[in-house]
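The structure appears below as structure tokens.
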Amino acid sequence: MDHMQQLPIYHPIHPNPHLEFRQSFFQITFQAMASDCELLIDLPEERIGFAKHLADIAVREVWRIEQKYSRYQDSNTFTRIHQQTGRWQNIDEETYRLLAFADQGWQISDGLFDLTSGVLRSVWSFDGKSQPPSQADLDQLLPRIGWFKLDYRKTGDKAELLLPEDMELDFGGIGKEYAVDRALGLMLAEAQADETPVSALVNLGGDMACSGLRLSEESWKVAIERPDTEKNSLALLSLSGGGLATSGDSRRFLLKDGVRYSHVLNPKTGWPVDNAPRSVTVAAPSCAQSGLIATLALLQGPHAEDFLKSTGLRYWLVSN
């Protein structure tokens with residue numbers, strides 16, 4: 001086979017994915033959610049046709065979720081939700097389930113995990129160079145934040161959302177991890193229907209999940225980046241199932257007058273969480289769970305490690 005092949009999947013923004021056979025598995029690289037992404041599919045080289053089929057399913061699903069919930073797209077679910085604020089509106093089952101998952105995070109974190117806090121991005125810019133906002137700027141936005149102010153419900157097959165006027169929902173805090181789990185699940189379901197043994201790993205910008213051991217009964221080898229990416233990897237892990245996700249400020253921060261402001265914001269104050277770790281990586285049964293716990297740990301600030309220990313999950317933490 002050719003060293004690298006393009007997969008003929010059209011997308012209006014992203015280039016076509018590329019497929020390559022790397023000694024013992026197929027690697028598919030593509031762009032999504034402002035991230036470098038990859039699929040690793042453990043199949044014999046002669047099964048390239050089926051590998052392409054699985055990759056097509058997974059990439060299309062990731063792009064579907066990106067297009068559906070991105071705040072940068074027009075005429076999608078995100079847009080429609082914000083065109084109907086101030087009244088009950090119908091939502092689909094998928095959106096309802098994401099809201100229910102976000103509600104769990106809000107309750108566990110005592111209100112620190114809040115998908116309505118995305119409005120703060122209008123005054124915070126974490127490009128490493130901008131000015132921090134004034135307290136007056138934040139005071140204008142804080143009344144528009146508060147998960148407890150919205151409502152959602154389900155009666156039979158009908159799901160509804162009431163998002164107050166002037167408030168916003170930002171699915172960015174859970175969308176990528178959800179897409180990892182969906183893409184992996186669809187590939188495995190297709191392989192099962194085809195009665196084809198396969199092992200796969202989905203990696204969306206460092207948030208990942210795998211189906212289990214490889215066909216050779218070896219584990220997948222993955223690396224955790226240090227917050228300072230000029231150094232070596234923090235750890236090389238053997239992943240044999242479940243999800244792995246990292247939250248931190250290695251790329252998103254603001255540096256002003258010698259003070260480093262993390263992008264991890266307290267929705268109750270509008271300011272970065274004090275003494276938050278630089279990076280938290282969590283291993284859990286799914287990528288969505290890993291990402292949520294990693295984010296919740298950062299929101300605990302100096303108590304992050306105590307929180308992580310209480311979960312009983314494996315974690316890797318880098319302090320300031």
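A few points about this structure:
- Only listed residue being open to solvent by 80 Å² or more (accessible area, probe 1.4 Å) and not hydrophobic (A, V, I, L, M, F, W, C), chosen from GLN104, GLN89, GLN73: GLN104
- Qualifying residue in region 216-224 (condition: at positive phi and part of a loop (DSSP other than H, G, I, E, B)): yes
- Checklist (1) touching a Lys or Arg at 6+ places or on another chain (Cβ under 7 Å); (2) touching a residue at least 40 places away in the same chain (Cβ under 8 Å) applied to LEU19, failing item: (2)
- Qualifying positions in region 261-320 - of a type outside the set (Gly, Ala, Ser) and at positive phi: ASN275
- Filter result for the condition that a residue is open to solvent by 30 Å² or more (accessible area, probe 1.4 Å) and more than 26 Å from PRO267 (Cα to Cα), over LYS149, LYS158: LYS158
- For region 49-62, the count of residues that are closer than 23 Å to PHE171 by Cβ, at pLDDT below 95, under 21 Å from the mean Cα position of the chain (by Cα) and open to solvent by 40 Å² or more (accessible area, probe 1.4 Å) is zero.
- Condition met for SER109 (open to solvent by less than 20 Å² (accessible area, probe 1.4 Å) and hydroxyl-bearing (Ser, Thr, Tyr)): yes
- Any chance ASP257 is touching a helix residue (DSSP H, G or I) at 6+ places or on another chain (Cβ under 7 Å), open to solvent by 20 Å² or more (accessible area, probe 1.4 Å) and modelled with pLDDT under 90: no
- Which numbered condition VAL180 fails, given (1) modelled with pLDDT under 95; (2) more than 21 Å from LEU265 (Cα to Cα): (1)
- Filter pass, LEU184 being within 30 Å of PRO17 (Cα to Cα) and in contact (Cβ under 8 Å) with a residue 12 or more places away in the chain: yes
- In region 264-320, the residues that are part of a loop (DSSP other than H, G, I, E, B) and aromatic (Phe, Trp, Tyr): TRP271
- Residue within region 28-40 that is free of Cβ contacts under 8 Å to residues at least 24 places away in the same chain and either acidic (Asp, Glu) or buried (at least 22 other Cβ atoms within 10 Å of the Cβ) (or both) present: no
- Residue in region 185-205 that is farther than 22 Å from GLY49 by Cα and in contact with a helix residue (DSSP H, G or I) (Cβ under 8 Å, 6 or more places away or on another chain) present: yes
- Hits in region 187-199 - residues which are open to solvent by less than 10 Å² (accessible area, probe 1.4 Å) and within 19 Å of GLN23 (Cβ to Cβ): SER199
- The selection criterion, being of a type in the set (Asp, Glu), under 23 Å from HIS18 (Cβ atoms) and without any contact (Cβ under 8 Å) to a residue 24 or more places away in the chain, does not hold for GLU66.
- Out of VAL180, VAL202, sole residue that is assigned to a strand (DSSP E or B), open to solvent by less than 40 Å² (accessible area, probe 1.4 Å) and not aromatic (Phe, Trp, Tyr): VAL202
- Meets criteria (without any contact (Cβ under 8 Å) to a residue 40 or more places away in the chain and out of contact with any Leu (no Cβ under 8 Å at 6 or more places or on another chain)) for SER134: yes
The values are calculated or read from the model by the stated rules, or taken from the named source; none is laboratory data. Worth saying up front: this structure is predicted, and the values here are computed from it rather than measured. Quick reminder, even Gly has a Cβ in these numbers, built from the backbone with ideal geometry, and neighbours come from all protein chains shown. Areas reflect the complete protein model, heavy atoms only, side chains present, ligands, DNA and RNA absent. Shrake-Rupley method; radii C 1.70, N 1.55, O 1.52, S 1.80 Å.
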